[in-house]
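Before any comments, here is the structure.
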Amino acid sequence: MSGGNQNLERELDRLLAAYRDACEAPEPSADFMPTLWARIEAAEQGWSERLWKWANGLAAAAAVASVLLVALQMAARPAPDYYSSTYVESLLAQTDAELAPVELAGVPSMDPGPAERPER
Amino acid sequence: MLVENDIVERARAGDAQAFNEIVQAYRRRIFGTVSRLIGRPEDVEDVAQEVFIRLYYSLDQLRSPEVFEPWLYRLTVNAALDYLRKRRKRKQEARVADLSEQQVMMADAAAGSKLEVERREKARVREFVDTLLAGVSEEDRILLTLKEVEGLSLKELEKIYRVNENALKVRLFRARQRVLRAYAARREEEARKGTSDERRESESGA
């Protein structure tokens, strides 16, 4: 490093030391502490308000989402037949299915043929 | 440390009285640091309060009371940087140098007592150094101020910035070189101005 640079370095050091002395910190005002606590409380309130709004928003969004889901589900699934038929029709359909004749191999039908039916 | 470890512990546990004690103990130091970092005396109190608000809300994240001071310095640096960034955004704000000039003019208008002369000289130094420091980024200006003006050691800066000493040294060296170049340029400019003033005076005398 050249001598000129060293001189500049030293001058800068002196200047920065003078700067340190020149930068006197202002005295804290008398209401420093009350204002500080007021700001802390205001920040706390702000946060709880934000949290409350956020929770409200979340609840509203959840409600809207559930209504939409229910609507979507209802639209996607076709209505079963028993919603459009009467009780008797539904009952008949079910009974027919349950009472269908059972075909057993090797067992003759119990139902007599038309020739064997007694005439009235 | 300006406060005992148990006060920090109590404040961490939510004791408002202990927090008050911390504020009372560090208030002046934080005022001084903030004043040197932001360069605007009228905003020092506001930024210092911001530092303590951040401290209040982050005390529970403090690992141990031993690292309290670097932690507080870190909060101070961050609050000062945020303030400087906000100020940069506000175009209508007066430049630091302009404000200092206003202060010098106000001081000029005041009585020329010895105290006033001293005050004027201090204002001149502040303005001059602020102009030199304006040549580096805000981050580097803060780092340089903490090291060269606040007198913090590299070890302390390492704890505040959480980077290794070598990285800090490189950053500091570069920032200082930039300030040094700005200083050399200013001196050259002043010397040139002085020569031309002398020539003008001699010409008018002849």
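From largest accessible area down, sort B:TYR183, B:TYR56, B:TYR161; use a 1.4 Å probe on the protein chains.
B:TYR56, B:TYR161, B:TYR183
Please enumerate, by chain and number, the lysines with C-alpha under 28 Å from the C-alpha of B:LYS155, excluding those fewer than 8 residues away in the same chain.
Correct list for B:LYS155: B:LYS147, B:LYS169.
Give me the inter-chain shielding for B:182-189: mean count of other chain Cβ atoms within 10 Å, whole number please.
Counting Cβ atoms of other protein chains within 10 Å of each residue's Cβ and averaging gives 2.
Across all directions of projection, what mean area in square nanometres is found for the Cα convex hull of region B:118-206?
About 7.4 nm², averaged over all directions.
Per residue Cα convex hull volume for chain B, in cubic angstrom?
Hull volume normalised by residue count: 158 Å³.
Over the Cα atoms of region A:32-95, what is the Rg over Rh ratio if Rh follows Kirkwood?
Using Cα coordinates only, the ratio equals 1.61.
What is the mean number of Cβ atoms from other protein chains located within 10 Å of the Cβ atom of each residue in peptide A:11-21, rounded to a whole number?
That average works out to 6.
Sequence gap at least 6, Cα distance under 8 Å: using those rules, report the relative contact order of chain B to the nearest whole percent.
It comes to 17 percent, rounded to a whole number.
With every protein chain left in place, what is the accessible area of B:SER202 in Å² (1.4 Å probe, nearest 10)?
Answer for B:SER202: close to 70 Å² accessible.
Just to make sure I understand: if all protein chains stay in place, what is the order of B:ARG27, B:ARG178, A:ARG10 by accessible area at 1.4 Å, largest first?
So the residues, ranked largest to smallest area, are A:ARG10, B:ARG178, B:ARG27.
Could you tell me which of A:ALA93, A:LEU69, A:ALA43 has its Cα farthest along the dipole of region A:32-95 towards the positive end, charges placed at Cβ (Lys, Arg +1; Asp, Glu -1), taken about the Cα centre?
After comparing all options, I get A:ALA43.
The values are calculated or read from the model by the stated rules, or taken from the named source; none is laboratory data. If you're wondering where the values come from, they're calculated on a predicted model, not measured in any experiment. Every residue, glycine among them, receives a Cβ derived from its backbone with ideal geometry; neighbour counts consider all protein chains shown. Accessible surface is based on the protein model in full, side chains and every heavy atom, while ligands, DNA and RNA are left aside. Shrake-Rupley method; radii C 1.70, N 1.55, O 1.52, S 1.80 Å.
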